[in-house]
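A.B. asks: Below you will find the structure I want to go over with you.
The values are calculated or read from the model by the stated rules, or taken from the named source; none is laboratory data. Remember, it's a predicted structure, so these values are computed and weren't measured experimentally. All Cβ positions, glycine included, derive from the backbone under ideal geometry; neighbour counts span all protein chains shown. Please note that ligands, DNA and RNA were not included when accessible areas were found on the heavy atoms of the full protein model with its side chains. Shrake-Rupley method; radii C 1.70, N 1.55, O 1.52, S 1.80 Å.
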Amino acid sequence: MQSLRANRTAVLVHKLLNKTKDPGLKEELQLFSLQLLHRKVHFTAFGFFPLDFTLLYSITGAVTTYLVILIQFQLSFANPKQNATVSSTLPATMSSDFFTPTLSP
């Protein structure tokens, strides 16, 4: 919303600059136009956090992390023979039955 207003204001100032004949007004409009040009507009999500490239980097990192985890799970379910190596590396005191849940009657 702020960006639209800032862009609209800049356009209106330049239209006025082109139409005015008064040198004093032209100078004031040029100064105002420079202020609009150099003023940075900051966008926030209701003041909670800024909406800039840091948010984009965070979202990209989170999506990438979840995709890597998802791919790893898909690969582990696609190759059950590789999962058998995990159970064979358990100590002799622990069997695979130790990890299977049982329901008592």
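A.B. asks: Before we move on, is residue 75 open to solvent by 80 Å² or more (accessible area, probe 1.4 Å), in a helix (DSSP H, G or I) and modelled with pLDDT under 85? Please lay out each step first, then the result.
C.D. replies: Working: open to solvent by 80 Å² or more (accessible area, probe 1.4 Å): yes; in a helix (DSSP H, G or I): yes; modelled with pLDDT under 85: no.
Answer is no for this residue.
A.B. asks: For the list (1) at positive phi; (2) surrounded by 10 or more Cβ atoms within 10 Å (Cβ to Cβ), I need the number of the one condition that residue 27 fails.
C.D. replies: (1)
A.B. asks: Could you list, in sequence order, all residues of the range 40-54 that are surrounded by 10 or more Cβ atoms within 10 Å (Cβ to Cβ) and either of a type in the set (Phe, Trp, Tyr) or within 17 Å of residue 13 (Cα to Cα) (or both)?
C.D. replies: Across the range 40-54, the qualifying residues are 43, 49.
A.B. asks: State yes or no: is residue 63 surrounded by 10 or more Cβ atoms within 10 Å (Cβ to Cβ) and part of a helix (DSSP H, G or I)?
C.D. replies: Yes: the conditions hold for residue 63.
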